[in-house]
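Quick notes on the structure that follows.
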Amino acid sequence: MTKEELLKHVESEGIKYIRLQITDINGALKNVEIPSTELESSLNNGTMFDGSSIEGLVRINESDMLLKPDIDTFTVLPWTVEREKVGRFICDIYTSSNKHFEGDPRYVLKKVMNEMKQFGYTPCAGPEPEFFILPRDEKTREPLLMTLDRGGYFDLLPIDLGERVRKNMVETLQSMGIRVEAAHHEVANSQHEIDFRYDNALKTADNIQTFKLVVRTIALLNGLWATFMPKPFFGMNGSGMHTHISIFKDGKNIFYDPNKPYKLSEELRWFIGGLFNHIDAITAIANPTINSYKRLIPGYEAPVNVAWSVANRSALIRIPMARENGTRLELRSPDPTANPYFLLASIFAAGLEGIQNKIEPPQPVDGNIYEMDRKEKSEKNIRFLPGSLQESLEVFKNDKLIEEVLGAHIFSKFIELKEKEIEDFRIAVTDWELKRYINQF
């Protein structure tokens, strides 16, 4: 819609309020609500807000910032329709001098996409976000740290007690224009997955943020709690967000070449080479919490081995069997706590560097890496991903490409926030320690 068509639509549909949404450095959605009568002014001039109150944006002496709605992201929040209709925009952040704000996560991804556009490339991505649906205490309305069901992979009622709620989530996503391709119970108790169709990188990152909002909201409306925490339960599989990556040029998938082994192009190999060169630093972005590394351990289908393979799910990067325009790589390490704008920006920047410099990756691995011993892995040049946030952050600090992608503001602020998180965890007294030591000494 044009701006004029949009304004007429909002008025004719009786939409009373508009939510303007942005994403902070931690990947959390934030928003401000304005009356629809202020929408035209917001579209023309932006809406002023206090940037110093949002994590990772600016200092208090630089606080005046502008939200500028992206017309293409307009949707009506379906759960508000029966009361008062509320519209939603995802916004770009500008400074008070009307320039793109370097600390806006969305702008970080836009810059990488613009760089790829110079080569005629359209970066595309498709995520597979997993989450847990938990019961909620009726009095405190807080989540109960227990599973809702004992279902497993592809199970259905009566074992899968979240099936009805998951179906409601799918219907809501579809009503907001997100094309859902599959939804099912996952391996762990109370764990679920909803996959939606790939799109260009910016649209996909926006969709991930909308997806998280929908899943959490629909769970709450049903008296439940949805969490994207990677590893809420010991002894069960954690929640990942396998990320499918492809690049198109002139309408064709550049990762496909019918004349090469496995029908995979040199560009795909080089992309993997570039990604492997930076994967340890990217891990701090793809797995940005202390809890993320409780998932990245052997024995729970976790992609801890830095290797790539055709169809082999034990490798960090898997090449699914689809070919021609469906040719893609699947990076299996990210989890849904990742800021999607940073994640996709870093993946495509590293891959583009690989293509430009023709960086060759190691040879693909055919066997089950989970069953290989250390000697066999060493012979095949297979190493491990960083085993902790501290470990990945140390590599992150020295990766010049990632620093350039994120920009000085976000790069330094990200390090500051993660170092604080690590220190907070270091000095915390955990339940494990209490159970282990309280009666022992």
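Across every direction, the projection of the convex hull enclosing the Cα atoms of the stretch 3-101 has a mean area of 6.4 nm².
If each DSSP helix of 4+ residues adds -39,500 (n - 2.57) and the sum is divided by the residues in the chain, what number results at 222 nm, nearest 500 deg cm²/dmol? Please list the in-between numbers first.
Values: 12 runs with 156 residues, N = 441.
Dividing the helical sum by the residues of the chain leaves -11000 deg cm²/dmol.
In terms of its alpha-carbon gyration tensor, the stretch 339-394 comes out oblate; a/c meets the 1.5 threshold, while b/c is at least as large as a/b. With just the Cα atoms defining each centre, how far is the stretch 306-324 from the stretch 68-127? Give it in Å. Taking the Cα centre of each part, the stretch 306-324 and the stretch 68-127 sit 31 Å apart.
Of Leu7, Leu66, Phe119, whose Cα points farthest to the positive end of the dipole of the stretch 1-127 (charges on the beta-carbon: +1 Lys, Arg; -1 Asp, Glu; origin at the Cα centre)? Comparing the listed Cα positions along the dipole, Phe119 ranks first. Distance between the 7 Å Cα→Cβ label points at Asn114 and Asn259: 3.7 nm. Anisotropy class assigned to the stretch 273-428 is oblate, per the alpha carbon gyration tensor with a/c at or over the 1.5 cut-off and a/b no larger than b/c.
Distance from the Cα centroid of the stretch 205-271 to that of the stretch 1-42 is 27 Å (rounded to whole angstrom). Beyond 26 Å in Cα-Cα separation lie the following of the pairs Lys203/Lys249; Lys231/Lys380; Lys260/Lys397; Lys8/Lys111; Lys212/Lys397: Lys231/Lys380; Lys260/Lys397; Lys8/Lys111; Lys212/Lys397. Excluding same-chain neighbours fewer than eight residues apart, the aspartates and glutamates reachable from Lys263 by a Cα-Cα span under 13 Å are Glu324. So, R0 is 22 Å and r is the distance between the beta-carbons of Glu102 and Asn200; what FRET efficiency does that work out to, to 0.05? E between Glu102 and Asn200, to the nearest 0.05, is 0.50. For GluC sites (Glu not before Pro), the sites in the stretch 72-111 that DSSP calls loop and that have at most 11 other Cβ atoms within 10 Å are Glu82, Glu84. Placing dummy labels 7 Å off each Cα toward the beta-carbon, the span from Val429 to Leu7 is 6.1 nm. Taking a straight line from the alpha carbon of Lys117, these aspartates and glutamates sit under 12 Å away, with near neighbours fewer than eight places off in the same chain left out: Asp250.
Only the coordinates and a few stated rules stand behind these numbers; no lab work does. If you're wondering where the values come from, they're calculated on a predicted model, not measured in any experiment. FYI the Cβ positions are ideal-geometry reconstructions off the backbone, even for glycines, and counts take in every protein chain you see.
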